[in-house]
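Below: the structure, in structure tokens.
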Amino acid sequence: MNETLQLPRAARAFVSFAALLRANGFAIAPEQTTAFLEAIALLGPRGTDDIRQAGLATLAPPPERRAVYDLLFRIHFLGAEEIPGGEGEDDEVVRLQEEGRGDEEPLLADEANRSGETAVRAEALAERRFGPSGPSDALRRLAREAPGRLPRRRGHRRMRARRGPWADLRRTLRESARTDGEVMRLGRLKRRARPRKMLLLIDVSGSMKARSEDNLRLAHTLLQAAPNVEVFTFGTRLTRVTRALRLKRREQALAAAAHLVSDWDGGTRIGDALQAFLAVPRFGGYARGAAVLVLSDGLERGDPSALRDAVVKLSRRAWRLSWLTPLAVGAGFVPQTEALVAIRRFVDDMVDGGSSAAVVAHVLSLQHRRAA
């Protein structure tokens, strides 16, 4: 039975309103939809304005898009015949997608950027399939060395050690019972090392067409070799593909990810995509204390200030923020594009991302780097 049919009849209109906002570029988390329903139940609204105010309080549309929110509210609840986005509004929207939501949009686009040479702004929805391919030497190295060479953090739990800042009184007393109460050696404790969270943000726009498949194969290898890894793709939309890439078989995992992502080889809205990522509290929490890797050429056709603001917020949450771009060729790389120049001082590493070997080498070197 369809999940929508299982909802109470009175709640369907409110849930579909949240879905309408999400389809028009508003970052609405599932928790916000639940809070919206609870607010309506608490208020017992006497009119549509009460419902509108409950939506403003719980769904939290940004102030600059309040007019679009009001228009969609009138269309949904009052039956207005106005159509939003009549002056290019839709070209500025980055839609957010979760697993299992890719089939809600058309998979094929009438106009797709197939050249892979230039970054464009317009959205183009497309379906992509990955052919079978064996692991490269770089991916074999990543699978072999990742468990022992990825960055780690100090956990809260303690473990036995020869040297450490804390005394292990329990072990010391237990051993002293064997020597008639004499303490022969004082046991020590230290904090147990835990794997640090890792976040991969992979650009799948047209300008990164040559690297998209290899980057997803690398993300799948990393997910199989280490825990606490999250993977998102972005172009004109933001899609979480972590669950799909957790499948053990590479071909099956890539096929599942390809079905989820619907903006392959389309436009480039890096700043809007990162802003959408940070707008969802659950997603933004993945970056807190994590090693964040952005695999993108940085060819942003939107406003560089939006990208700069998003990178500033992301760098504050991350343990270390690395931007891997195919444009960074050579040790003396100096960014030339407007977007990369705008974010250079907020990024900890801006290194070569033009090959799997270069990306793997940087990932394995993170263990020896310090927090920004």
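The values are calculated or read from the model by the stated rules, or taken from the named source; none is laboratory data. On a predicted model such as this, the values are computed, not experimentally measured, just so you know. Heads up, the Cβs are rebuilt from the backbone with ideal geometry, glycines too, and the neighbour counts pull from every protein chain shown.
Some observations on this one:
- Applying a threshold of 6 Å to beta carbon distances and a minimum spacing of six or more residues, or different chains, the list of pairs starting in region 302-318 at a residue that is in contact (Cβ under 8 Å) with a residue 60 or more places away in the chain and ending at one that is of a type outside the set (Gly, Ala, Ser) reads GLY302/ARG269; ALA318/VAL292.
- Condition met for LEU222 (aliphatic (A, V, I, L, M), surrounded by fewer than 24 Cβ atoms within 10 Å (Cβ to Cβ) and assigned to a loop (DSSP other than H, G, I, E, B)): no
- For first residues located in region 326-340 and free of Cβ contacts under 8 Å to residues at least 24 places away in the same chain, partners that are in a loop (DSSP other than H, G, I, E, B) and lie 6+ apart or on another chain with Cβ distances below 8 Å form the pairs PHE333/LEU327; GLN336/LEU327.
- Filtered by the rule that a residue be out of contact with any Ser or Thr (no Cβ under 6 Å at 6 or more places or on another chain), assigned to a loop (DSSP other than H, G, I, E, B) and at pLDDT below 90, region 253-294 gives SER262, TRP264, ASP265, VAL280.
- Entry remark, region 328-350: residues being over 20 Å from the mean Cα position of the chain (by Cα) and surrounded by fewer than 18 Cβ atoms within 10 Å (Cβ to Cβ) number 12 in total.
- Scanning region 277-291 for residues that are under 16 Å from GLU230 (Cα atoms) and among the small types (Gly, Ala, Ser) returns GLY284, GLY285, ALA287, GLY289, ALA290, ALA291.
- Scoring LEU186 on the criteria (1) closer than 29 Å to GLN367 by Cβ; (2) outside any helix (DSSP H, G or I) leaves a single failure, condition (1).
- Residues of region 171-211 that are touching a Gly at 6+ places or on another chain (Cβ under 8 Å) and over 30 Å from LEU278 (Cα atoms): ARG171, THR172, GLU175, ARG188, LEU189, LYS190, ARG191, ARG192.
- Checking each residue in region 261-292 for being among the basic types (Lys, Arg) and over 21 Å from PRO304 (Cβ atoms) picks out ARG282, ARG288.
- Residue check for ARG317: in the same structural domain as GLY206 (by TED's automatic domain parsing) and either farther than 20 Å from ALA210 by Cα or modelled with pLDDT of 95 or more (or both): yes
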